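One structure below.
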Amino acid sequence: MKTNIEERACDLAVYIIENKATVRAAAKQFGISKSTVHKDLSERLERVNRSLYVQVKEILDINKAERHIRGGNATRRKYKGD
């Protein structure tokens, strides 16, 4: 998936904002690594589109705050057989 990097960063941001998605979900959707998604959103997007960056940062901060809960629920489902 060779595209313009700045365009990809904006597309990733829009996807995450619209779907309230995680970095992992966005990476899977776009067929790229989590590291690439993170770099696009945390470094490149800030230079390209500041307003989009601020919106995405809010969602990523929420995801970061909730990740321990998601991990605990995943572990519970794994061992519960659900």
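Please treat every number below as a calculation from the coordinates, not as lab data. Fair warning: this is a prediction, and the values are worked out from it, not measured in the lab. Glycine also receives a Cβ, built like all others from the backbone with ideal geometry; neighbour counts cover every protein chain displayed.
Roughly how big is the chain's charge dipole about its Cα centre, with Cβ charges of +1 (Lys, Arg) and -1 (Asp, Glu), in debye to the nearest 20? Intermediate values should be presented prior to the final figure.
Working: 18 positive and 11 negative charges, 109 e Å.
Approximately 520 debye in magnitude.
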Label-point separation, ILE17 to VAL54 (7 Å along Cα→Cβ), nm: 1.1 nm
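In the neighborhood of ARG44, defined by Cβ-to-Cβ distances under 9 Å, what is the net charge if each Lys or Arg adds +1 and each Asp or Glu adds -1? Intermediate results must be reported in sequence, preceding the final value.
Numbers: positive: ARG8, LYS39, ARG47; negative: GLU6, ASP40, GLU43, GLU46.
Taking every other residue near ARG44 into account, the sum is -1.
Kindly flag which residue pairs out of LYS28/LYS57; LYS34/LYS80; LYS39/LYS78 have an alpha-carbon separation exceeding 26 Å in this structure. Don't skip to the end; give the middle numbers.
Numbers: LYS28/LYS57 19 Å; LYS34/LYS80 28 Å; LYS39/LYS78 31 Å.
Where the Cα-Cα span goes over 26 Å, the pairs concerned are LYS34/LYS80; LYS39/LYS78.
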Angle in degrees between helix 5-19 and the longest Cα principal axis of the chain, rounded to the nearest 10: 40 degrees
In degrees, nearest ten, helix 50-80 long axis to first principal axis of the chain (Cα): 20 degrees
Gained length - ILE62 relative to ARG24, 0.36 nm times residue gap less alpha-carbon distance: 12.3 nm
